[in-house]
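Here is the structure we will look at.
The values are calculated or read from the model by the stated rules, or taken from the named source; none is laboratory data. Just so it is clear, the structure is predicted and the values come from calculations on it, not from any experiment. Cβ placement follows ideal geometry from the backbone for every residue including glycine, while neighbour counts extend to all protein chains displayed. Just so you know, the surface numbers come from the protein's heavy atoms only, side chains and all, with ligands and any DNA or RNA stripped out. Shrake-Rupley method; radii C 1.70, N 1.55, O 1.52, S 1.80 Å.
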Amino acid sequence: MTLKELFAPVDMTVENPVKQIVKFTIPMLLGNIAQQLYSTVDSIIVGRFVGDNALAAVGSATPIVMLMLVLFMGISVGASIMVSQYFGARQRDQLSKTIGCSITLTGLASLFIMIVGPIITRPLLELLGTPESIIDWCQSYLFIMFIGIMGSGYYNIMSGVLRGLGDSVSALIYLLVATILNIILDIVFVANLGLGVAGVALATIIAQFISAILCIRKLTKMTEVFDMKKEYLLPERYYIENLVKLGLPSGVTQAIFSMSMIVVQNLTNTFGEQYIAANVIVMRVDGFVMLPAFSFGQAMTTFAGQNIGAGRMDRVEKGAKQGTLVAMGISAVLAVLIVLFGRFIMGIFTSTTELINLSYNMMSILIIGYIVMEVTQCLSGIMRGAGDTMTPMWISMVTSIALRIPMAYLFVNMTKTPELPQGNCYMMQVSMLITWTIGAFITFVMYKIGRWKHKAITR
């Protein structure tokens, strides 16, 4: 594979399925790594220049930010599915109207979050029992993130559109530019100007606006694929309904995941600032280890959408098997690296020995879970690309609400002793590992049943 071939838009309806999946995934994986650097650099700079409590504040705010982003995530998934199927079916007019409606919906969702987000921030933090030592930092971070949410919204939706068109490279390039800018601004705002947690939030929203502008600029130039005209920006009922029908379950899935994180965060807070800070470190490293799963899952969505649009179900099933096995192999290698070099990695975030050991032990419990998570993400991606977004949603409901939350509270309470009055903190990771494993099994069963094969909108 030449460099030119690697960084070219991918028509996933031709050539060897696994080759096309991997070729499409590589730029997207690099882009996801760059996106993960946003939060990681934030954590490193805050932990090093402000302190462990500030690190805990950013971590406590993260689930709330993710909850408010579910609108964008839902629109992004719906747009990516529709775009990939219409692109595969070569239906230009429907493709153009889908993209136009996605742009309009993103603007409306952004305005909603900009109004509602700042209002609910403080009450929600208090409801979660956020420690007094970090609650003001959490509030200032969230306020700025919500006011500047439009940049993140448009980047997420427009990069989803680009992926649906088979272009995973442009979003990568734009995100790399924004990531470098974010790192520079983090250093300027936090290390030089002393703006603390607020400086981290400002750096993030400025960088996200840049990436959003670049994505929109790219789309306006893709006239050989679709038409970007004013009339296509007007909401049209059929396309709005399909965007919502396909995207809402994915948005609800993310909302469920975020809500479960918020509920579990309440339990996390009972272990004190040091455990909260260790949990932030684990989430940041975890974010990188999970990237192959998320990247392959997104690639599978585009792969399935394009091939189903082109009427190639045989390629979908072949690609699902091959892509999942490759993804599992990559996660297995990463799991070994975490075992071998985990403490060194944790030490990047903090110099506190107790914090390094605590976070390493927490992550070691999750090692096997990263491999089984590939099954969930890849096969869910296939189902979503086919237009079945409901099945991954209810699987998430079962695992995140019916299993994860009760299991976490039960295991922690069962381990309470005079020496550990709050319970064993590692039970949080044990409950997560069990949840991931059960979720992978259910996803595999539903994939084999095959109801997703009859959900295409281009039939």
Checklist entry - In square angstrom, rounded to the nearest 10, how much accessible surface does residue 354 have for a 1.4 Å probe? => result 110
Next on the checklist: If I take R0 = 30 Å and measure r between the Cβ atoms of residue 133 and residue 332 in this structure, what FRET efficiency does the formula 1/(1 + (r/R0)^6) give, to the nearest 0.05?
Outcome noted: 0.15
Item to check | Percent RCO, i.e. relative contact order, over the chain, from Cα pairs under 8 Å lying at least 6 residues apart | outcome: 24
Item to check | Accessible-area value, residue 130, 1.4 Å probe, nucleic acids and ligands omitted, Å² | outcome: 10
Checklist entry - So what is the accessible area of the chain per residue, in Å², with the probe set to 1.4 Å? => result 39
Checklist entry - What is the magnitude of the charge dipole of the chain about its Cα centre, with +1 placed on the Cβ of each Lys and Arg, -1 on the Cβ of each Asp and Glu, and no other charges, expressed in debye to the nearest 20? => result 1400
Checklist entry - Can you give the angle from 0 to 90° between the axis of helix 291-309 and the longest principal axis of the chain, with both taken from C-alpha atoms, to the nearest 10? => result 20
Checklist entry - What residue among 302, 135, 151 has its Cα farthest toward the positive end of the dipole of the chain, where the charges are +1 on Lys, Arg and -1 on Asp, Glu, each on the Cβ? => result 302
Checklist outcome for this item: Expected unfolding gain across residue 401-residue 237 under the 0.36 nm per residue rule, minus the alpha-carbon gap, is 55.7 nm
Checklist outcome for this item: Residue-ordered couplings for region 171-183, obtained by feeding phi - 60° into the Karplus form 6.51 cos²θ - 1.76 cosθ + 1.60 and rounding to whole Hz (Gly and Pro as x), are 4, 4, 4, 5, 5, 4, 4, 5, 5, 4, 4, 4, 5
Next on the checklist: Run the simple label-point estimate for residue 266 and residue 91 please: 7 Å along Cα→C-beta, distance reported in nm.
Outcome noted: 4.5
Checklist outcome for this item: Among trypsin sites (Lys or Arg not before Pro) in region 192-248, those in a DSSP loop whose Cβ has at most 11 other Cβ atoms within 10 Å are 221, 229
Checklist outcome for this item: Counting only protein heavy atoms with a 1.4 Å probe and every protein chain in place, the carbon and sulfur fraction of the accessible surface of region 75-131 in whole percent equals 72
Checklist entry - Between residue 341 and residue 122, 0.36 nm times their residue separation minus their Cα-Cα distance comes to what? => result 75.0 nm
Checklist entry - For 262, 345, what's the largest-to-smallest order of accessible area, 1.4 Å probe? => result 345, 262
Checklist outcome for this item: Mean projected area, convex hull of alpha-carbon positions in region 286-426, reported to one decimal in nm², is 10.0
Item to check | Amide proton proximity set for residue 423, modelled H, under 5 Å, gap of 5+ | outcome: 417
Checklist entry - Rounded to two decimals, what ratio of Rg to Rh does the chain give with C-alpha atoms and a Kirkwood Rh? => result 0.96
